[in-house]
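Remarks on the structure that follows.
The values are calculated or read from the model by the stated rules, or taken from the named source; none is laboratory data. Since we're looking at a predicted model, the values are computed, not measured. Quick reminder, even Gly has a Cβ in these numbers, built from the backbone with ideal geometry, and neighbours come from all protein chains shown. The accessibility values were calculated without ligands, DNA or RNA, using every heavy atom of the protein model including side chains. Shrake-Rupley method; radii C 1.70, N 1.55, O 1.52, S 1.80 Å.
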Amino acid sequence: MAVLENCEPKRVFYYFEEICKIPHGSGNTKQISDYLVSFAKAQGLRYIQDEMNNVIIYKPGTEGYEASPTVILQGHMDMVCEKRADVVHDFTRDGLQLAVEDGFVHASGTTLGGDDGIAVAYALALLESRDIAHPPLEVVITVDEEIGLLGAQGIDCGALSGKRFINLDSEEEGSLWISCAGGLRGNTKLPVSRTEGEGEKLSIRIYGLLGGHSGSEIDKIRANADKMMGRLLYGLAREKRYALISLEGGSKDNAIPRECTSSILAAPEDVPEIVKFVEEMGKAWKKEYARTDEGISVEIKQEGAFREQVLHPSSQAKVIFFLQNVPDGIQKMSGSIPGLVETSTNLGILRLEEKELYASCGVRSSIQSARDALSQKIEYLAEFLGGDYTVKGAYPAWEYREESPLRDLMIRVYREFYGQEPKVVAIHAGLECGLFYEEMEDLDCVSLGPNIRDIHTSEEKLDIASTERVWKYLLKVLEAAK
């Protein structure tokens, strides 16, 4: 029996559940892309599937709407793949295990992919419909949005004729998003050398953090496990000598790391004081993050006597210096839009390999010069320490448009449907709108979506009632777009 068969709107949740059966993490989108093509063929709709697996599906306007201005509906087919440490799940092969609880859909111990599976489900339900009034539609479903908006960067915008562009990748009902930050991934590779060491092996784990999206939730001032580990290792180095063996935290540059682990070698006589230091650090953090990360935990385990390859002291000093000094979190608030984060960075991935430290930062700003200056600051730090720095997946900001007929239409329909004013906001998260806006002259964009909580985490959940309301609102917008 389908888990979501009793959820309204039925066809939207039918397609959402079908999508969740198909592995579709970033970089693993061929199967879901082919599913969309099969859908288009079954519906007799014209489509394009490009070499990247982006899919565009075209549908003519319904009766009376044939000559109406074309509307582009856009979302992405990939999802962030995160799970709890105790959950066994292979995102490359396994479908998601869905459940309904207290009016929300969630996946058991993993991300749900409501970001942005619900956009795909909305689009498919609309494309298959025979009784919903709408203008000509161009439905654009891109790949690899979560790892740098790669699909939107590679898509041929010449295949699109519409000038009204509705992005379905927001997560807050009641808000119409009309501008977003630009961003990039800054990757540091810092060479290290190793030597043989022996002593008592200690494993340190920082876990239980809330994490979250590095754009939409960076203003929550949540702890970053990677940066916390850097602080712990620096503080410990001021107290006792030790040698670093391993270090690993985070898996996505756009997700605030929820966990970080390390292992060290120390002299047996120093172990009691090291354990005490780590435990006291954990207590201090609980006070520091009492209202933003109350579940934060730090544990240290004694593994016994070992002989291991450890970092050479000079390499260890460089690694700790980098972790202490690489910028993280909010760097500047907007001076023109109250409450908007203008510029930020997130140390999302940290991995100590045999011959190098790899670190990936997600850099965001609504002002391109500020984005680039922050990226250059990290580059300078990396090069100062003898490392290399590369930029991947840079994308532009989606700038605020003074005159927007689509925004005006959607505000008017919102008032009529909800009986109140929408929030019209600029956001710090990155959206694909910026790339389309840059490539397509006179493009008029608005983003909307239902309530989704804790995206990019294993606690992600989709509000069922909100999904239904936003669906009905979207249909009203299309009906009014004649």
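All other residues whose Cβ lies under 13 angstrom from that of Ser365 are scored, Lys and Arg at +1 and Asp and Glu at -1, for a net of +1. Kirkwood analysis of the stretch 119-188, using all unique Cα-Cα pairs, places the hydrodynamic radius at 14.8 Å. The calculated pair-distance distribution of the chain uses every alpha carbon pair, bins of 20 angstrom beginning at 0, and gives 23, 52, 21, 3, 0 percent. If you average the sequence gap of Cα pairs under 8 Å that are 6 or more apart and divide by the length of the chain, what percent do you get for the contact order? It rounds to 23 percent for the chain. Taking the Cβ-Cβ separation of Glu479 and Gln43 as r and a Förster radius of 22 Å, what is the calculated FRET efficiency to the nearest 0.05? About 0.60, to the nearest 0.05. Here the Debye sum runs over all C-alpha atoms of the stretch 75-159 as equal scatterers in vacuum, and log10 of I(q)/I(0) at q = 0.14 Å⁻¹ comes out as -0.65. Across the stretch 50-189, the relative contact order, built from alpha-carbon pairs under 8 Å that are at least six residues apart, equals 41 percent. The gain in end-to-end length when the Asn325 to Gln97 segment is fully stretched comes to 78.0 nm, 0.36 nm per residue minus the alpha carbon separation. Taking all Cα-Cα distances within the stretch 373-470, those exceeding 18 Å account for 66%.
Full extension of the segment from Phe384 to Ala85, taken as 0.36 nm per residue of separation minus the current Cα-Cα distance, would add 104.1 nm. Considering all C-alpha pairs of the stretch 1-154, those separated by over 25 Å amount to 31%. Which of the three applies to the stretch 97-224, rounded, prolate or oblate, going by the alpha-carbon gyration tensor with a ≥ b ≥ c and a/c under 1.5 meaning rounded? It comes out prolate by the Cα gyration axes.
Of interest is the spacing of the C-alpha centroids, which for the stretch 304-333 and the stretch 1-65 amounts to 44 Å. Between the amide H of Ala394 and those of Arg185, distances stay under 5 Å, these residues lying 5 or more places away or on another chain, with hydrogens modeled in the peptide plane. Given +1 at the Cβ of Lys and Arg, -1 at the Cβ of Asp and Glu and no other charges, the dipole of the stretch 171-289 around its Cα centre is 200 debye to the nearest 20. The alpha carbon convex hull volume per residue for the stretch 189-302 rounds to 103 Å³. Spin-label model, Tyr400/Arg241: points 7 Å from Cα along the beta carbon direction are separated by 5.8 nm. Using θ = phi - 60° in the Karplus curve 6.51 cos²θ - 1.76 cosθ + 1.60, the 3J(HN,Hα) couplings for the stretch 431-438 round to 10, 5, 3, x, 5, 5, 4, 6 Hz; x is entered for Gly and Pro.
Based on protein heavy atoms only, the stretch 71-221 ends up with 31 Å² per residue of surface accessible to a 1.4 Å probe. Rolling a 1.4 Å probe over the protein heavy atoms of the chain, with every protein chain left in place, gives an accessible area that is 47 percent carbon and sulfur. Taking every Cα-Cα distance in the stretch 145-220 and sorting them into 5 Å bins from zero, the calculated P(r) comes out as 3, 7, 12, 16, 15, 12, 9, 8, 6, 5, 4, 3, 1, 0 percent.
Ranked by the mean number of other Cβ atoms within 10 Å per residue, highest first, peptides 274-281, 128-135, 161-168, 180-187 order as 180-187, 161-168, 274-281, 128-135. Per the Debye formula on identical point scatterers at the alpha carbon atoms of the stretch 308-347, with no solvent, log10 I(q)/I(0) at q = 0.19, 0.21, 0.26, 0.27 Å⁻¹ is -0.64, -0.70, -0.84, -0.86. The calculated P(r) of the stretch 1-91, using every Cα pair and 10 Å bins from 0, goes 13, 35, 35, 13, 3, 1 in percent. Counted over all Cα-Cα pairs of the stretch 264-348, pairs farther apart than 22 Å make up 54 percent.
On a per residue basis, the stretch 266-395 carries 52 Å² of accessible surface, using protein heavy atoms and a 1.4 Å probe. For the stretch 403-461, GluC sites (Glu not before Pro) meeting the loop criterion (DSSP other than H, G, I, E, B) and having at most 14 other Cβ atoms within 10 Å: Glu403, Glu441. Helix 30-43 axis versus longest C-alpha principal axis of the chain: approximately 10°, rounded to the nearest ten.
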